[in-house]
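Each value in this text was obtained by applying a stated rule to the coordinates, not by laboratory testing. Just so it is clear, the model here is predicted, and its values are computed rather than measured. Every residue, glycine as well, gets a Cβ built from its backbone with ideal geometry; the counts of neighbours run over all protein chains shown.
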2 protein chains.
Amino acid sequence: MFTVERHKKIKEILHSKKSVSVPDLSGLLDVSESTIRRDLHVMEQNKLIQRTHGGAVNIDSVRFEPSLSEKEIQFSDEKLRVAKQAVQMIREGDTVALDGGTTTLEIARNLPNMLNLTVVTNSVKIIAELANLPSISVVVIGGNLRRVNMTLIGPISNQTLGKLHIDKLFTGTIGLTYEEGLTTTDVIEAETKRAMIKKAKEVIVVADYSKIGKLAFANVVSINSIDKLITNTSISKRLVKKFQKKGIEVITA
Amino acid sequence: MFTVERHKKIKEILHSKKSVSVPDLSGLLDVSESTIRRDLHVMEQNKLIQRTHGGAVNIDSVRFEPSLSEKEIQFSDEKLRVAKQAVQMIREGDTVALDGGTTTLEIARNLPNMLNLTVVTNSVKIIAELANLPSISVVVIGGNLRRVNMTLIGPISNQTLGKLHIDKLFTGTIGLTYEEGLTTTDVIEAETKRAMIKKAKEVIVVADYSKIGKLAFANVVSINSIDKLITNTSISKRLVKKFQKKGIEVITA
DNA sequence: CTAGAAATAAGCAAATATGAGCAAATATGG
DNA sequence: CCATATTTGCTCATATTTGCTTATTTCTAG
């Protein structure tokens with residue numbers, strides 16, 4: 001294996017794992033630790049990675065310092081399972097929309113580097129994530145930056161959406177109830193979500209069980225607008241039946 | 001087998017194998033290693049392959065993050081001075097636009113956490129940077145993600161700009177000449193730059209001396225559209241005079 | 001704050017790869 | 001047919017890469 005290939009491999013490993021130790025890399029790539037250290041040295045100088053004592057961490061072209069609480073949910077098993085289920089529903093040639101949210105971010109992280117896939121998003125974190133998958137065409141709806149979740153919302157977003165057509169929308173939520181449907185914290189965000197839902201042929205809500213039965217401040221849409229719901233097993237069978245009666249396909253991951 | 005055939009064969013091999021060693025090629029094509037090295041040398045100069053010690057790799061497989069980081073370090077001192085000069089021109093209440101580019105990114109990094117300041121941008125890196133300054137209102141024009149510099153360009157960007165009004169635009173550039181004006185590498189990006197310039201009351205070009213006299217592929221606008229130019233001392237007095245005669249205020253940082 | 005453990009950078013030597021120079025073989029063009 | 005140009009393979013001095021060793025730095029537990 002040549003040097004550039006090794007460097008590329010290290011970058012790939014770092015993209016999926018976020019951090020890796022020198023001994024691990026040495027074993028994985030079957031070269032001495034000295035060589036790995038030399039590799040990491042030049043890669044750091046090229047700003048491709050960030051070195052640490054004992055290894056290296058991923059440095060994406062765009063960096064955020066995720067708040068602690070976010071880090072905690074980042075590795076949530078439920079979210080990952082839901083996200084992987086969602087990814088399986090995506091076909092080559094699709095135009096997929098992902099709105100802001102931790103579960104949709106997880107979907108982006110698990111997307112294959114699929115050719116001929118267009119992702120429409122209003123989440124800055126998802127943009128950063130998809131920057132590493134060069135086969136995917138990324139379309140960003142503009143808008144005003146909402147810093148708490150790094151999403152773009154507001155009239156600009158809504159107007160841009162008016163000109164786009166989406167095959168499948170994956171949307172996260174703060175709350176989902178049978179009576180009130182989707183709800184979220186911010187009214188402006190709610191409106192942008194509504195605009196997205198309006199332009200999507202198929203609306204797929206991704207929500208782990210903690211969201212179901214929860215009610216947030218701003219109404220988005222009633223459950224009549226939802227086509228599919230991906231959630232996890234913890235949801236009660238009675239509720240699933242109720243959703244199904246409304247024509248919603250419920251998928252448990 | 002003729003030379004061109006050999007080159008073609010090498011390209012084919014690299015297409016399917018991604019990387020190959022000099023001894024392997026020597027055996028496969030039944031010529032000496034010297035000949036292979038000579039072949040690889042010319043093919044590298046023609047940007048058909050990427051050489052490594054011991055062989056060659058497919059150029060496509062290596063082309064990740066093409067040297068943006070390298071550009072970032074270059075001339076960083078000059079850039080910083082230019083950026084700081086630019087920041088001083090910003091007043092409270094302004095609506096400022098920053099397009100993608102390393103100098104404009106430096107401006108964003110040096111912005112004070114000023115109240116009542118709106119920043120319009122198409123650069124994902126600038127969004128990330130300004131996320132840390134909560135007083136600043138950030139408006140993002142949407143668009144298609146151009147990964148090489150993490151900017152949003154294309155028809156969506158241009159249409160969104162049509163509805164906005166900008167007090168001061170700070171724009172970087174690849175090249176700036178007296179005869180051709182602003183030029184950049186990508187035609188679609190050029191169009192989005194043009195759309196920005198059209199909507200700005202005041203167009204301020206930030207360009208260290210390395211950009212001046214340089215000509216890139218795609219024309220953006222002639223120098224008649226430029227109101228101010230912030231650059232550094234290395235630019236010749238004669239050229240400054242010429243720009244001034246065209247009504248451009250030249251500020252040397 | 002300190003001592004011990006772990007990681008790193010620097011120096012070194014062996015293995016390998018490279019480029020330049022050269023000569024032979026072949027091709028080109030009058 | 002001859003003179004010249006190009007291509008090829010060979011040799012060798014030089015350069016690069018790699019793994020090992022060791023001194024130094026950095027981290028961490030007490």
Straight-line reach from A:K193: which aspartates and glutamates have a Cα under 17 Å away, not including same-chain ones fewer than 8 places off?
A:D99, A:D167, A:E180, A:E202, A:D227
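Once you sort the root eigenvalues of the Cα gyration tensor of segment A:156-201 as a ≥ b ≥ c, which label holds: rounded (a/c under 1.5), prolate (a/b larger than b/c) or oblate (the other case)? All intermediate terms of the calculation are to be shown ahead of the outcome.
Working: a/c = 2.69, a/b = 1.51, b/c = 1.78.
Note, shape of segment A:156-201 comes out oblate.
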So which trypsin sites (Lys or Arg not before Pro) in segment A:7-40 are both in a DSSP loop and have at most 13 other Cβ atoms within 10 Å of their Cβ?
A:K18
Label spacing, shortest first and in nm, from A:Y178 to its equivalents in the remaining copies (7 angstrom along Cα→Cβ):
7.9
Net charge within 12 Å of B:T151 by Cβ-Cβ distance, Lys/Arg positive one each and Asp/Glu negative one each, not counting B:T151 itself?
+1
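For a distance above 17 Å, tell me the whole-number percent of Cα pairs in segment B:1-41 that qualify.
Numbers: 120 of 820 pairs.
Every Cα pair in segment B:1-41 considered, those over 17 Å come to 15 percent.
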Based on the alpha-carbon gyration tensor of segment B:140-253 and its eigenvalue square roots a ≥ b ≥ c, which shape applies: rounded if a/c is under 1.5, prolate if not and a/b is larger than b/c, or oblate?
prolate
From other protein chains only, count the Cβ atoms within 10 Å of every residue's Cβ in B:130-141, then give the mean.
4
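Would you please classify the overall shape of the protein assembly as shown from the alpha carbon gyration tensor, given that a ≥ b ≥ c denote the square roots of the eigenvalues, rounded means a/c under 1.5, and beyond that prolate means a/b larger than b/c while oblate covers the rest? It would help to have the intermediate numbers written out before the result.
Details: a/c = 1.95, a/b = 1.14, b/c = 1.72.
Judged from the Cα gyration tensor, the protein assembly as shown comes out oblate (a/c at least 1.5, b/c at or above a/b).
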Note the distances from B:G213 to each other copy's matching label point, with points 7 Å along the Cα-to-beta-carbon direction, in nm, sorted shortest first.
7.3
When each copy gets a label point 7 Å from Cα toward the beta-carbon at B:K8, what are the spacings between them in nm, shortest first?
2.5
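Other chains near A:154-166: what is the mean number of their Cβ atoms within 10 Å of each residue's Cβ?
Working: counts 2, 1, 8, 3, 0, 4, 7, 1, 0, 3, 2, 0, 0.
If you average over the peptide's residues, the count of other-chain Cβ atoms is 2.
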Cross-link partners of A:K84 among aspartates and glutamates (Cα-Cα below 13 Å; sequence separation of 8 or more within a chain):
A:E106, A:D208
Return the percentage of antiparallel bridges among DSSP beta bridges fully within chain B, rounded to the nearest 5 %.
40
Which entries of A:K79/A:K211; B:K199/B:K241; A:K18/A:K211; A:K9/B:K9; A:K199/B:K199 show an alpha-carbon separation above 18 angstrom in the structure shown?
B:K199/B:K241; A:K18/A:K211; A:K9/B:K9; A:K199/B:K199
Which residue, chosen from A:I235, A:T173, A:I153, occupies the Cα position most advanced towards the positive end of the dipole of segment A:121-253, where the dipole is computed from +1 (Lys, Arg) and -1 (Asp, Glu) charges on Cβ about the Cα centre?
A:I235
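Charges only on Cβ, +1 for Lys and Arg, -1 for Asp and Glu: so what's the dipole of chain A about the Cα centre, in debye to the nearest 20?
Details: 36 positive and 28 negative charges, 88 e Å.
Approximately 420 debye in magnitude.
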Ranked packing of B:222-234, A:198-210, most packed first, by mean Cβ within 10 Å:
A:198-210, B:222-234
Point-to-point label distance, A:K199-B:N116, nm (Cα→Cβ direction, 7 Å offset)
3.4
Using only DSSP helix segments of four residues or longer, with each worth -39500 (n - 2.57), what per-residue ellipticity at 222 nm results for chain A after dividing by its residue count and rounding to 500?
-11500 deg cm²/dmol
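So what's the net charge close to B:E189: Lys and Arg +1, Asp and Glu -1, counting the other residues with Cβ under 11 Å from its Cβ?
Working: positive: B:R146, B:K193, B:R194; negative: B:D99, B:D186, B:E191.
Summing Lys and Arg as +1 and Asp and Glu as -1 gives 0.
Please report the projected area of chain A's Cα convex hull averaged over all directions, in nm². Walk me through the numbers before you get to the answer.
Working: hull surface 57.5 nm².
Taking the Cα atoms of chain A, their convex hull projects to 14.4 nm² on average.
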